[in-house]
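Scroll down for the structure; my scribbles are underneath it.
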Amino acid sequence: METKKSELKDVSQGDIHNYDTILQYFNNKPVVQERKDVYKSITFVTTGIIQYDGGQTTMLHLGTLLSREGYKVYYLSYVPQSKEEMETNARSNYEDYQGECLTMDYLDSHKSDIWLATLWESAYVVKNKSGYKMYFVQDFEPYFYPFGDRYQLAKKSYELGLHMVSLGPWCADMIKKSCDNVGKIDKITFPVDLEHYPYKRRSLERYADSNTYELAVYTKWDSSRRAPINIQLTLMNTQELLKKDGIKLNIHYFGSDKDKKFINGDNLGKLNKQQMRDLYDRCDFGIAPSMTNFSLVPFEMMSTGLPFIDFKEGTGKYFMPKNTCLTANFDEYNLSNLFIGVKDDVDYLENTIDNAQKYLQTIQWDHTLRDFVNVVESI
């Protein structure tokens, strides 16, 4: 029987050539840490610098604060990207960033007192460098992949012997539960940027009197961590349930490319800081599903005074006290009941917003900087 070549291509799971430029770093040689009395230079090793990337925005913010503390800070790419593009994208993510961008041409020649991996791949890149090797862990990265070799490679990156620094408690807990032979791991505060997302008191009477709610929803089309499928299905069904009670729910998605077609609401695309502030100010509620570590967005929404809705199935409970946000199960019945309940208890909404403002004062970037510097000084 003659077979025809299918036009449908299988997912390329076995393509090791994705790592051609860094193949030399994948080995099982044990880490040897080199300590100093004083550490003056810190190098973040990163997958280039990408616009609208929350993890890299956090990296740039932390690097900038460390630079202001007197450390010499570098952002070294291990993938091909020009210095000009790195700098442009860095300014797009964090306009006033400090530190020097270095292309992958410097990967073998650059010297640093401290090397900071920022993704599982970079853990392998830095582990045999000369200096003290650390790992800035912003998520439990095995969850980025189906169970298989990339899952295992990511998991193993936590067992290489690097000194890990977890952004918030969830990553540290997951690593300890899931991995063997885990080395040193510290936790630092997951911070909020209050300066760029100023608080604006809103008229809460409108919640009781309105039959229309505007909802800002952050998700990423290509990231299951942000539940792009589940959030669309749940909100579609929530709209139908609310309609029966005479309530219209208008949905405004953002965080994905503008050409992505959502099944409901409008897709605003990827927004800059000013556009996000404007969206939060005109909306009544915010949602940003976090199925793994967390996102900057929930705290940014809360910072502006926007009531934030967290799903119990996610990781929000690791980062937000119960009285600082509205909580619901990730289903349309629980969520629609929450919207209806707010109309009958505006005082609860006001208390939640006030509690959020008080809590956010305790997790600002100066706390994160202090935590990280304490880790470095304790080496």
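At-a-glance table
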read-out	value
Contour minus Cα-Cα distance for N374 and K177 (0.36 nm per residue)	68.4 nm
Estimated FRET transfer efficiency when R0 is 30 angstrom, pair V32-Y143 (beta carbons, to 0.05)	0.50
Accessible-area composition of segment 180-249, carbon plus sulfur, in percent [1.4 Å probe]	46 percent
Volume in Å³ per residue [convex hull over Cα atoms, computed for segment 150-232]	177 Å³
Neighbour cut-off at most 16 other Cβ (10 Å), DSSP loop, GluC sites (Glu not before Pro), segment 107-214	E195
Spatial extent of segment 43-178: Rg and Dmax, with the Cα atoms as the point set, Å	14.5, 42
Percent RCO, i.e. relative contact order, over the chain, from Cα pairs under 8 Å lying at least 6 residues apart	13 percent
Ratio of Rg to Rh over segment 16-106 (Cα coordinates, Kirkwood Rh, two decimals)	1.01
Convex hull volume per residue for segment 221-329, taking Cα atoms only, in Å³	106 Å³
FRET efficiency estimate (nearest 0.05) - Cβ-Cβ, K72 to M291, R0 30 angstrom	0.25
Approximate shape of segment 274-313 as ellipsoid semi-axes (Cα gyration tensor, √5λ), whole Å, largest first	19, 11, 7
For segment 37-52, 3J(HN,Hα) per residue [Karplus equation, 6.51 cos²θ - 1.76 cosθ + 1.60, θ = phi - 60°, Hz, x = Gly/Pro]	6, 9, 10, 10, 10, 10, 10, 7, 9, 9, 7, x, 10, 10, 5, 6
Under 15 Å, Cβ to Cβ, from Y318 - net charge with Lys/Arg +1 and Asp/Glu -1	+3
Calculated P(r) tail over 15 Å for segment 237-281, as whole % of Cα pairs	51 percent
Under-5 Å amide H pairs with S166, H placed in peptide plane, nonlocal only	V137, D186, K187, I188
Residue-normalised accessible area of the chain, expressed per residue, 1.4 Å probe, Å²	48 Å²
Cross-link table K220/K243; K177/K220; K273/K312; K36/K184; K29/K176; K260/K322, entries beyond 24 Å C-alpha to C-alpha	K220/K243; K177/K220; K273/K312; K260/K322
Under 5 Å, built H, 5+ apart or other chain: amide partners of Q98	T64
Per-residue [θ]222 nm for the chain (sum of -39500 (n - 2.57) over DSSP H runs n ≥ 4, rounded to 500)	-10500 deg cm²/dmol
10 Å Cβ shell holding at most 13 others, DSSP loop, chymotrypsin sites (Phe, Trp or Tyr not before Pro): longest site-free stretch of the chain	148-379
Per principal axis, descending, Cα span of segment 287-337 in whole Å	28, 23, 17
Pairwise FRET efficiency - S92 versus D245, Cβ, R0 = 35 Å, nearest 0.05	0.25
J(HN,Hα) series, segment 339-350, from Karplus relation 6.51 cos²θ - 1.76 cosθ + 1.60, nearest Hz, glycine and proline x	4, 5, x, 4, 4, 9, 8, 5, 4, 4, 4, 5
Surrounding net charge for K258, when Lys and Arg each add one and Asp and Glu each subtract one, Cβ distance under 12 Å	0
Size of the chain as Cα extents on the principal axes (Å, biggest first)	71, 65, 41
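The values are calculated or read from the model by the stated rules, or taken from the named source; none is laboratory data. Computed from a predicted model, the values in this text were never measured in an experiment. Note that each Cβ is placed from the backbone with ideal geometry, even for glycine, and that neighbours are counted across all protein chains shown. Heavy atoms of the whole protein, side chains included, go into the accessibility calculation; ligands, DNA and RNA do not. Shrake-Rupley method; radii C 1.70, N 1.55, O 1.52, S 1.80 Å.
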